[in-house]
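Report on one structure; see the data block that follows.
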Amino acid sequence: MSGFTNIQTTAVPLPMEDIDTDQIIPARFLKSTSKLGFGENLFRDWRYNAAHEKIDGFILNNETYKGEILVAGRNFGCGSSREHAAWAIGDYGFKVVISSFFADIFKNNALNNGILPITVDQEVLHRIFTAIEENPKTTFDVSLTHQTLTVEGGKIHITFDIDPFKKECLINGMDTIDYLISKRAVIEKFQQQHIVY
Amino acid sequence: MSTTLFDKIWNKHIVEQIDAKQIILYIDKHFIHEVTSPQAFDGLRQRNVKVFNTSRTVGTADHNVPTKNQHLPIQDPLSKKQVNQLSENCKEFGVELFDLHHPNQGIVHVIGPELGMTRPGMTIVCGDSHTSTHGAFGSIAFGIGTSEVEQVLASQCVLQVKPKQMRIKINGQLQRGVSAKDLILYVIAKLGVGGATGHFVEYAGEAIESLSMEGRMTVCNMSIEMGARGGLIAPDQTTFNYLKDKVQPEGIRFDESLTQWKKLTTDESAIFDIEYEFDAADIAPMVTYGTNPGMGIKINEAIPSTSESSNASVDKSLNYMGFNKGKILEGMPIDYVFIGSCTNARIEDLREVAQYIKGKQKAENVEVFVVPGSQLVAKQAKKEGLDKILASAGFELRQAGCSACLGMNEDKIPAGKYCVSTSNRNFEGRQGPGARTILASPLTAAAAAIAGKIVDVRKELN
């Protein structure tokens, strides 16, 4: 996994609330045994109709809206634990997702795949949607190092929270699995005195 | 210091504190299935590492399996590949597997408890959000993503931040015809689909204590539907009786286990981040009207005209379902009834359905299928003659698997059709593209199958 660098980009707004992982990637597309290619089916049933034609009006089919940030309504990523949802978002080209809150498992899955979930107040989220509505070319600066999100050169400027360990992992592209493998001796010691009744 | 049931289990599984928040949490039992594990095994191969502790992981094929003609090869080539991949991975890495032809095969959250693998005081994970089911035994059980599946395979641990804690008390007793499923749908409707996000929930109170283990599993199963990391219930005599005849861990007598399990309670003065209390008498048979499990109403209530969610989200949802605000679902004709899933496919669910439909016939306008949660549930149902009762009522009894809960295998509901389902999610397209899901209890589903429409099962029981 390569490290997360600071980005400057435009954003795609999806103001629906409670977007579940079945919408992000429907179960019938989970049959792959690799992590690649899920972007093609991101929001599949919102993007395409049963005849596989693009659905007009869905934001990803609208050429006006582009960028590496997805902005979504509250409780994004609820439902299933499928990491395929994070893989689909990343594979499509999003590096950041902004919402007023995220479902726990999705948030972890995103972080484990180099995607930064940024939680903002409901009011800030509303202002971000308005800014994009007024100008689809609104630029967003995300600095993970400083934990700041700046919209249109200062129109909105906030700091966001991230767990220090996860931040370090993201910046250095560090892998949590390698980290745990490096702890095997300590775990082995724990395991020897641990009893399951 | 006073501690909760959750604290007591959590603290016993901390291997190391990494920083102020992150810990390395030891996992006692890891369940895997074919959908969320292949990429994790690939990761192990790329790193050239073995499974750290093969005795603590067990696999089964459930999401992709057909529920008819399981003796024949799987038709869908991609499903077949994924199921075969699981077998190959388990063989290569030395992990125990209950494959499609094994007598213990079934939905991962049904087989763990019935095989005695799910026990009080344990930490349990699986690459599946409904892992919360196992919390019914007084264990910390939660769903994880595939990267975390790989963490567990590689180290028997996951990196975790301690969640906040919530307690939900249900006082008093449930009415006749109202079940554990109604109880949890009621709670989710009250809290909302994100109402418990960031929290682990302990369920308590008289109504919870009165539930069977199967009922408790139904409640804990749906904790994730209000965003909770998991849900758990303190083990008691009901739990101990369920586990009495199950296989014990090697070298540990049942009375030794019992002594430890009895310590698993929340101290009286323990403090939760948030607490809710509800009155069991206020709970009625529940149905959902929208496209998330929080959009639930009592059977005799109308679809609300106001909501905390934005108008656009609610309108989209109602439009998908073909409903209007103010509509009452009672009396509405339906097309399908699905009785199954990790929420309601245990033997008790099948017994309840069979008892209700005995001597009755399904309505002509409805197609009904019942999918047992495991091969053992199917075997037990046959032994008790439930298969005959189902067949004579026109209910099709299929073979074990996740079936129409998630639209991944052959079992799907056609676009635009209404299905009363005992599963856990009514998301858009969950049961197949365009399918319209109405979540309900097994009893309400059975009553709908007989009547051909949504009915208040309490009236039918009188």
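The values are calculated or read from the model by the stated rules, or taken from the named source; none is laboratory data. Note that the structure is predicted; figures quoted are calculated from it, not measured. Don't worry about glycine lacking a Cβ; one is built from the backbone with ideal geometry, like all the others, and counts go over all protein chains shown.
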Among the candidates B:Asn64, B:Asn89, which residue alone is within 21 Å of B:Asn221 (Cβ to Cβ), surrounded by 18 or more Cβ atoms within 10 Å (Cβ to Cβ) and not assigned by TED's automatic domain parsing to the domain that holds B:Gln431? B:Asn64
Can you go through A:Glu83, A:Glu17 and tell me which one is crowded, with 16+ Cβ neighbours inside 10 Å, more than 27 Å from A:Val151 (Cβ to Cβ) and in contact (Cβ under 8 Å) with a residue 24 or more places away in the chain? A:Glu83
Suppose the filter is crowded, with 24+ Cβ neighbours inside 10 Å and over 22 Å from B:Glu225 (Cβ atoms); does B:Val370 pass it? yes
Among the residues of segment B:229-248, count how many are in contact with a helix residue (DSSP H, G or I) (Cβ under 8 Å, 6 or more places away or on another chain) and exposed (fewer than 14 other Cβ atoms within 10 Å of the Cβ). 1
Please note which helices (runs of 4 or more DSSP H) are completely contained in segment B:125-228 and include at least 1 residues that are more than 10 Å from every other protein chain (Cβ to nearest Cβ) and surrounded by fewer than 24 Cβ atoms within 10 Å (Cβ to Cβ). B:180-191, B:206-209, B:213-221
If you go through segment A:1-54 one residue at a time, how many are more than 10 Å from chain B (Cβ to nearest Cβ), outside any strand (DSSP E or B), over 13 Å from A:Leu70 (Cβ atoms) and out of contact with any Asp or Glu (no Cβ under 9 Å at 6 or more places or on another chain)? 10
Pick from segment B:323-349 the residues that are small (Gly, Ala, Ser) and over 27 Å from the mean Cα position of the chain (by Cα): which of them is nearest to B:Ala446 (Cα to Cα)? B:Gly331
Residues that are of a type in the set (A, V, I, L, M), within 10 Å of chain A (Cβ to nearest Cβ) and surrounded by fewer than 18 Cβ atoms within 10 Å (Cβ to Cβ): list the strands (runs of 3 or more DSSP E) wholly contained in segment B:9-61 that include at least 1 such residues. B:14-17
For B:Val455, state whether it is more than 19 Å from the chain's Cα centre (by Cα), at pLDDT 95 or above, within 30 Å of A:Thr21 (Cα to Cα) and surrounded by 18 or more Cβ atoms within 10 Å (Cβ to Cβ). no
Flagged in segment B:67-85 as in a loop (DSSP other than H, G, I, E, B) and crowded, with 21+ Cβ neighbours inside 10 Å, in numbering order, are B:Thr67, B:Ile74
Take the conditions crowded, with 23+ Cβ neighbours inside 10 Å, more than 10 Å from chain B (Cβ to nearest Cβ) and either touching a Phe, Trp or Tyr at 6+ places or on another chain (Cβ under 9 Å) or more than 22 Å from B:Arg425 (Cα to Cα) (or both) and apply them to A:Ile89. Does it pass? yes
